[in-house]
Amino acid sequence: MAQSSGISKIGVSKLKSTLLKPALTSNYICEFTSPTSVESLSGFVKPSNELITLSCSDASLPGSSVATMDITNDFHGVTEKHGYRRMYDDRADFQFYVDSDYKMIGYFESWIAYITGDNDERSRSTYNYRVQYPKDYRTNFLITKFERNLEGKYLRYEFIDAFPSSINSMPISYDASQLLKVSVSLSYSRYIVSSGVYNSKYTPARFDGSDNANELFTDNNAVNGVLQDPVNRSRLS
């Protein structure tokens, strides 16, 4: 049976130390690595890792749920729900600032064109195509959530078998100019959450793809029941 912790007075200092250190939504880094087969495509547009990371203006941390089934025959008059499967969100949505060379649009357009096997005959009425094998266009990518003081914990979400599934329309008009953004949805199979503690010599991401693993101290607590290893970004290459 659940035990009550009782009711007690809480001082202002306790309230400040407990509630006045919230996590902020504006401190994160997204890291994308397109598959080698996609990058080898003739005419593929590949922005620098720095441009991709800094251009990501909006992202979403993933969610999941437990699929349940009703059990009605174990106890008289009682309907229970038992979990039997973990259900992951079917996509993650991102927004990117578009640079004056339109590299961010070209990046995802080229990736989707590879997936669907686009070719130079698209203007013909007899145009046909054949999509690529999933292993050739899927990859993993990372979202690292940290705080602005770069002290304490961070959370890292690794999305498995991801690929861009849609590019949303981008309205343009003669009204007052605004920053052009491209909205992209990426489908993925599942995600893995890891956590760690970093110090002043470690940053959650390096634009050159390296990772100062020697300066990283991983959290002793397991996430999702799995003890996490130090970060190895070479898995994304």
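Expected output is a single nm value to one decimal: the length gained when fully extending between N119 and S195, i.e. 0.36 nm times separation in residues minus the C-alpha distance. What is it? Write down the numbers at each step before the final one.
Numbers: separation 76, 0.36 × 76 = 27.36 nm, distance 4.29 nm.
Extra length from N119 to S195 when fully extended: 23.1 nm.
Return the sequence-ordered ³J(HN,Hα) values of segment 12-20 in whole Hz as given by the Karplus equation 6.51 cos²θ - 1.76 cosθ + 1.60 applied to θ = phi - 60°, using x for Gly and Pro.
After applying 6.51 cos²θ - 1.76 cosθ + 1.60, I find 5, 5, 5, 5, 5, 5, 8, 9, 9 Hz.
In nm², what is the average projected area of the convex hull enclosing the Cα atoms of segment 6-143?
Average of the hull's projected areas for segment 6-143 equals 17.7 nm².
Measure up K16/K153; K16/K145; K14/K81; K81/K135; K103/K135; K14/K145 against 30 Å on the Cα-Cα distance and list the ones that go over.
On the way: K16/K153 19 Å; K16/K145 23 Å; K14/K81 39 Å; K81/K135 36 Å; K103/K135 25 Å; K14/K145 26 Å.
Those over the limit are K14/K81; K81/K135.
I'd like the FRET efficiency for L179 and M69, computed as 1/(1 + (r/R0)^6) with the beta carbon distance as r and R0 of 45 Å, rounded to 0.05.
0.40
According to the Cα gyration tensor, what semi-axes, each the square root of 5 times an eigenvalue, does the equivalent ellipsoid of segment 59-204 have, listed from largest to smallest in whole Å?
Values for segment 59-204, descending: 36, 27, 17 Å.
By its C-alpha gyration tensor, with a ≥ b ≥ c as the square roots of the eigenvalues, how is segment 34-112 shaped: rounded for a/c under 1.5, else prolate for a/b larger than b/c, else oblate?
It comes out prolate by the Cα gyration axes.
More than 14 Å apart: what percent of Cα pairs in segment 134-173 qualify?
Everything past 14 Å amounts to 66 percent.
Bin by bin, in steps of 10 Å, what percent of the Cα pairs in segment 8-55 do you find, going until the bin that has the longest distance?
18, 27, 16, 14, 13, 9, 3
Would you mind getting the accessible area per residue of segment 4-135, heavy atoms of the protein chains only, 1.4 Å probe, in Å²?
Dividing the accessible area of segment 4-135 by its residue count gives 73 Å².
Could you list which residues have their amide H under 5 Å from that of G196, counting only those 5 or more apart in sequence or on another chain, with H placed in the peptide plane?
Result for G196 returns Y154, D219.
The values are calculated or read from the model by the stated rules, or taken from the named source; none is laboratory data. Treat the numbers as computed from the prediction; the structure is a model and nothing was measured. Counting neighbours? That spans all protein chains shown, and the Cβs are built from the backbone with ideal geometry, glycine included. Ligands, DNA and RNA are excluded from the accessible area calculation, which covers all protein heavy atoms including side chains. Shrake-Rupley method; radii C 1.70, N 1.55, O 1.52, S 1.80 Å.
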